[in-house]
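The values are calculated or read from the model by the stated rules, or taken from the named source; none is laboratory data. All values derive from a computational prediction rather than experimental measurement. Cβ placement follows ideal geometry from the backbone for every residue including glycine, while neighbour counts extend to all protein chains displayed. These accessible areas exclude ligands, DNA and RNA; they are computed on the full protein's heavy atoms, side chains included. Shrake-Rupley method; radii C 1.70, N 1.55, O 1.52, S 1.80 Å.
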Amino acid sequence: MKHKLRHSPLVLSLLAAALCLQPAWPQALPTLGHGESISLGAERQLGDRIARELYRDPDYLEDPVLDEYIQRLWAPLVKAAAARGELSPELQERFAWRILLGRDRSVNAFALPGGYLGVHLGLIAIVTSNDELASVLAHELSHVTQRHIARSMDDQTKMTPWLIGSMILGVLAASKSAQGAQALIVGGQAAAVQSQLSYSRDMEREADRVGYGVLSDAGYDPKGFVSMFAKLQQAAGVNDNGAYPYLRSHPLTTERIADMQARQQLSATMPVVAQDMTQSMLAARARVLSQNTVDALKAWTQDSKINSPQASAAQQVGALYAATLAHMQLRDAASADRSLQTLDNRVQATGPASAQRLVRLLKAEIAAKQERFDAALSLLAPASPDTPLARPELIATAQALVRLPTQPLRTAVIAALRELVLQAPQDAQAWNTLSSLLAAQGMTLASLRAEGEAQMARMDWTGAKDRFRAAQDWARSNRLQAGDNIEASIIDTRLRQAQSLVREMQTER
Ligand SMILES: [Zn+2]
């Protein structure tokens, strides 16, 4: 079994939408210097350090539905950047290229050192097309491929990576919408620090220009850049409350606006992209998951768009999805079922297959919440037994199986999860789910190892070391089953690797 020991890094930046027109201003956009003072390896290490903290943040969100959505938008951008030569094979290999979702309702996205990106649910909640969200991701991706973080560090020669890492975490904490006293204190420090860490105007324009090309090559409508920009511009006028931290790091300068306006004229013939039902429901999911106080949930259940004749079909469906999810979180089963039925009828009548699938996943989620695990299983089952389950269905199926008595399906789902983590060893949620299912199946040693692997995936070397040691202890004092000898030897190797990573981390300071 192949294991990736080291995972990758990240960069600090925030969301924006701006436009760059490479052909129009070839000279006006200076090529930035390449004198970065930090190596790929060092930047990755810095990113790993920041990401490790973010994985522990209570706002870090694992949501298979939204994770899949963001991955689906992200993968073509990475591919296009590589095909355009923006992303060298070396950078692709050595950086993490991982997106972390944050539950926060503020409109924000940022690149971190080493190829990590952070996206707040507040951003997903306000976009009305995949192209808009992809435009922000393309801009952030370009900060990474252009090594803007490394170049920003040139000016901060006195700071150790450790200090920079702490500062970035401080800025991120301050960008959240929480309003406790602690956040304000961090915010005061962060404001001072942020001016040192933010990108230059030239870097922003370069990220716009490169991001624009990547977005178009990846097959998105470049109009996404324009409409995202307009959205942020409008927000800049009406929002002074910190709900748009992206705007602080991505100020809408006159140059960027001029670029955008020129682009808008060129693209005037492009059709307006209407919001589709699938995207509308995903944005609704982000809204509810990022604002789940009782008051906010009650407000989602009474959204006037549900029945408003002014609302488009997609908007109505999105509002219904939000209401259903909110009823579920409020534990009002009767209202959730009623709202779900209405949603189902509308989507079945006119929605595409991708929208029908989202409703089916929501049905299964509600069934599981109501402890109707058999019902959840049948909703999640593939159309034909030969069709492999997509990740959201697979994770939900495994979670339901953990709660049901032993049945033959468990073996097949364990095999599918093992295949998934073989392809994506950094998938901590898959490892955790696998661990629970193995435990339910009485495969204790394999379950303990999967727990350790989940900690490795989150780069929590100390946690991983503890789990692998617990596994080793268990193997010494219990009778081993078939297959356990192989597990035991993998555990020995992984424990040594975790121990050496812990030592390495301690000497890094
Ligand atoms: Zn930027």
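For the pair Ala42 and Asn292, what calculated FRET efficiency results from E = 1/(1 + (r/R0)^6), where r is the Cβ-Cβ distance and R0 = 41 Å, to the nearest 0.05? Here the calculated transfer efficiency is 0.60. Cross-link partners of Lys465 among aspartates and glutamates, defined as those whose alpha carbon lies under 15 angstrom from its own and excluding same-chain residues fewer than eight positions apart: Glu451, Glu453, Asp473, Asp492, Glu504. Proximity of backbone amide H atoms, modeled 1.01 Å from N, is registered between Leu100 and Leu117, Gly118, Val119 at under 5 Å, excluding neighbours fewer than 5 places apart on the same chain. The slack in the chain from Arg372 to Glu419, taken as 0.36 nm per residue of separation less the alpha-carbon distance, amounts to 14.2 nm.
Computed with a 1.4 Å probe over protein heavy atoms only, the accessible surface of segment 359-433 comes to 48 Å² per residue. Phi angles of segment 344-361 translate, via the Karplus equation with coefficients 6.51, -1.76, 1.60 and θ = phi - 60°, into HN-Hα couplings of 4, 4, 5, 6, 4, 5, 10, x, x, 4, 5, 6, 5, 5, 4, 5, 5, 5 Hz per residue; Gly and Pro are given as x. For segment 390-466 versus segment 300-333, the inter-centroid distance based on Cα atoms is 34 Å.
In whole Å, how far is the Cα centre of segment 350-375 from that of segment 87-130? Their Cα centres are 27 Å away from one another. The shape of segment 57-96 comes out oblate: with a ≥ b ≥ c from the C-alpha gyration tensor, a/c is at least 1.5 while a/b does not beat b/c. Taking θ as phi - 60° and the Karplus parameters 6.51, -1.76 and 1.60, the scalar couplings of segment 279-287 work out to 5, 4, 6, 5, 5, 5, 4, 4, 4 Hz in sequence order, x denoting glycine and proline. Take the residue pairs Lys79/Lys305; Lys305/Lys363; Lys231/Lys305 and return only those whose Cα atoms are more than 26 Å apart. Beyond 26 Å: Lys79/Lys305. Spacing of the modelled spin labels on Asn307 and Ala230, each 7 Å from Cα toward Cβ, amounts to 3.2 nm.
Estimated from the Cβ-Cβ distance and a Förster radius of 35 angstrom, the FRET efficiency linking Ala482 and Leu409 is about 0.95.
I'd like the carbon and sulfur percentage of the solvent accessible area for segment 410-504, probe radius 1.4 Å, heavy atoms only, ligands and nucleic acids excluded. That share works out to 48 percent.
Scalar couplings 3J(HN,Hα) for segment 131-147, obtained by applying the Karplus form with A = 6.51, B = -1.76, C = 1.60 to θ = phi - 60°, are 4, 5, 5, 4, 5, 5, 4, 5, 5, 5, 4, 6, 4, 6, 5, 8, 6 Hz; x denotes Gly and Pro.
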